[in-house]
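In what follows, a single structure is set out as structure tokens and then discussed.
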Amino acid sequence: MDPVPEELGWTSYRTGTFDSWRGPIHSRKQDYVAEEVPVVLVYNTIPHVVMLTTPLNLEDFGLGFSLTEDIIRHPAELLSVKVVQRAKGVEVRMQIPEARFDNLHGKGKNMTGRTGCGLCGATTLEQAIRPARRVCDGSILDAALLSRAFEAMQQQQALNLLTGAVHAAAWLEPERGIAMVREDVGRHNALDKLIGALARTGCDFSAGWLLVTSRASYEMVQKAASVGISLLAAISAPTALAIRLADECGLTLVGFTRNENHTIYTHPFRLQHYQESAA
């Protein structure tokens, strides 16, 4: 079997030998399986929420989640973060300013978030469907670059190439192409990891575009808009709620982005096609 990339910690996957069938042909096959563990996000010593996630890039996850869930407003407000391995999972221990923590205390969370959950810990309708921040005009993306970027993105999904079981979120820049990729069994976790990693670098979120290997559900739009991302392209379909939210906040939402095909659901002016540029 091919060697495992060094950046993938052993905790992000496991190996085993399993029965494999290809039509009538049976064999015993060694395979890689993506890991999924409970990760407790702890603020100022108080557990806030438990997420099921791939235990990889968890400092990025803590920062990204804190930003996209409006727990903090700026990366500098995450005063410290420490990842602690426990017997049955992982704790991400974070320290934030007391004023932010006081606001967090009133949000009524402390609930478990499953892998596919995008509204983890919300206890009211107002918390569940939060209005998204209005995004700026951002940059114009060439449709041909978008198609090439999705192809390039697949080759940078190291854990998915190994296991076939995880989502990815990628950041596309005009000059660099795919600048960063983060992976997780949960689509929104992968996005939080990417946003956290980019925020650490001081990224200008209006100067690039977001690609995801999942459907474009409400929370993906909400999280993208929360940091000022103006275009989200997904490999699968959007939901009606995601379309409404993207329309309201000014975000360009693209779905079914495969090969040279895609469907633009909102604010199409940010995606330029050859026919338009040649006219």
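The values are calculated or read from the model by the stated rules, or taken from the named source; none is laboratory data. Since we're looking at a predicted model, the values are computed, not measured. With ideal geometry, Cβ positions are generated from the backbone for all residues, glycine too; neighbour counts draw on all protein chains shown. Only protein heavy atoms, including side chains, enter the accessible area calculation; ligands, DNA and RNA are left aside. Shrake-Rupley method; radii C 1.70, N 1.55, O 1.52, S 1.80 Å.
Output the antiparallel fraction of DSSP beta bridges having both residues in the range 1-109, as a percent to the nearest 5. Don't skip to the end; give the middle numbers.
Values: 23 of 28 bridges.
Antiparallel: roughly 80 percent of the beta bridges in the range 1-109.
Could you tell me whether the range 40-91 comes out rounded, prolate or oblate from its Cα gyration tensor? Rule is a ≥ b ≥ c as square roots of the eigenvalues, rounded for a/c under 1.5, then prolate if a/b exceeds b/c, otherwise oblate. Walk me through the numbers before you get to the answer.
Working: a/c = 1.79, a/b = 1.62, b/c = 1.10.
Judged from the Cα gyration tensor, the range 40-91 comes out prolate (a/c at least 1.5, a/b above b/c).
Taking 7 Å along the Cα-to-C-beta vector as the label spot, tell me the His74-Ser27 distance in nanometres, rounded to one decimal.
About 5.7 nm separates the two model spin labels.
Note the count of lysine pairs whose C-alpha atoms are less than 24 angstrom apart in the chain, limited to pairs 8 or more residues apart or on different chains.
The number of close lysine pairs in the chain is 11.
Show the residues, 5+ positions off or on another chain, whose built amide H is closer than 5 Å to the amide H of Gln272.
The list, which skips near neighbours in sequence, is Leu141, Asp142, Ala143.
Rounded to the nearest 5, what is the percent of antiparallel bridges among the DSSP beta bridges in the chain? Let's see the in-between values first.
Values: 38 of 54 bridges.
Approximately 70 percent, going by the DSSP bridge assignments.
Just from its helices, what would the mean residue ellipticity at 222 nm be for the chain, if runs of 4 or more DSSP H residues each count -39500 (n - 2.57) and the sum is divided by every residue, rounded to the nearest 500 deg cm²/dmol? Could you put the intermediate results ahead of the total?
Details: 9 runs with 80 residues, N = 279.
Using -39500 (n - 2.57) per qualifying helix, the result is -8000 deg cm²/dmol.
Quick one: compute the contact order of the range 55-96, relative version, from alpha carbon pairs under 8 angstrom and 6+ residues apart, as a percent. Don't skip to the end; give the middle numbers.
Details: 45 pairs, mean separation 15.3, N = 42.
This gives 37 percent for the range 55-96.
What length, rounded to one decimal in nm, is gained on full extension from Ala99 through to Arg176, with 0.36 nm per residue of separation minus their alpha-carbon distance?
Details: separation 77, 0.36 × 77 = 27.72 nm, distance 3.84 nm.
Fully extending the segment from Ala99 to Arg176 adds 23.9 nm.
With θ set to phi - 60° and the Karplus curve 6.51 cos²θ - 1.76 cosθ + 1.60, what are the ³J(HN,Hα) couplings of the range 229-235 in order, to the nearest whole Hz, using x for Gly and Pro?
Once rounded to whole Hz, the list reads 6, 9, 9, 10, 10, 10, 6.
Ranked highest first by the average count of other Cβ atoms within 10 Å around their residues, in what order do 221-234, 32-45, 144-157 fall? All intermediate terms of the calculation are to be shown ahead of the outcome.
Details: 221-234: 24.6, 32-45: 18.4, 144-157: 16.2.
So the peptides 221-234, 32-45, 144-157, ranked by packing, come out 221-234, 32-45, 144-157.
With a cut-off of 8 Å between alpha carbons and a minimum separation of six or more residues, what is the relative contact order of the range 123-272 in percent? Display every interim value, and only then the final one.
Values: 304 pairs, mean separation 39.1, N = 150.
Relative contact order, the range 123-272: 26 percent.
Taking K and R as +1 and D and E as -1, what net charge do the other residues with C-beta under 9 Å from the C-beta of Ile195 add up to?
Values: positive: Arg182, Lys193, Lys223; negative: Asp60, Asp192.
Net charge around Ile195: +1.
Taking 0.36 nm per residue of separation and subtracting the Cα-Cα distance, what length does fully extending Gln156 through Ile46 add? Don't skip to the answer; put the middle values down first.
Numbers: separation 110, 0.36 × 110 = 39.60 nm, distance 3.59 nm.
Length gained, Gln156 through Ile46: 36.0 nm.
Averaged per residue, what accessible surface does the chain expose to a 1.4 Å probe, in Å²? Show your work: numbers first, answer last.
Numbers: 13460 Å² over 279 residues.
On a per-residue basis, 48 Å².
For the chain, calculate the relative contact order in percent as a whole number, restricting contacts to Cα pairs under 8 Å that are 6 or more residues apart.
Working: 601 pairs, mean separation 48.5, N = 279.
After rounding, I find 17 percent.
Calculate, in nm to one decimal, what Arg148 and Arg258 gain on full extension: separation in residues at 0.36 nm each, minus their alpha carbon distance. Before the final figure, lay out each step's value.
Working: separation 110, 0.36 × 110 = 39.60 nm, distance 0.98 nm.
Between Arg148 and Arg258, full extension yields 38.6 nm more.
When you count, for each residue, the other Cβ atoms within 10 Å and take the mean per peptide, how do 56-68, 180-192, 12-24 rank with the highest first?
Highest mean packing first, the order is 180-192, 56-68, 12-24.
In terms of the Cα gyration tensor, with a ≥ b ≥ c the square roots of its eigenvalues, is the range 20-110 rounded because a/c is under 1.5, prolate because a/b exceeds b/c, or oblate?
On the way: a/c = 3.10, a/b = 3.00, b/c = 1.03.
Note, shape of the range 20-110 comes out prolate.
Assuming a ≥ b ≥ c are the square roots of the Cα gyration tensor eigenvalues, decide whether the chain counts as rounded (a/c under 1.5), prolate (otherwise, with a/b larger than b/c) or oblate. It would help to have the intermediate numbers written out before the result.
Values: a/c = 1.74, a/b = 1.03, b/c = 1.69.
Note, shape of the chain comes out oblate.
Pop out the carbon and sulfur fraction of the accessible area of the range 122-279 as a percent, whole number, probe 1.4 Å.
Details: 3300 of 6620 Å².
Carbon plus sulfur share of accessible area: 50 percent.
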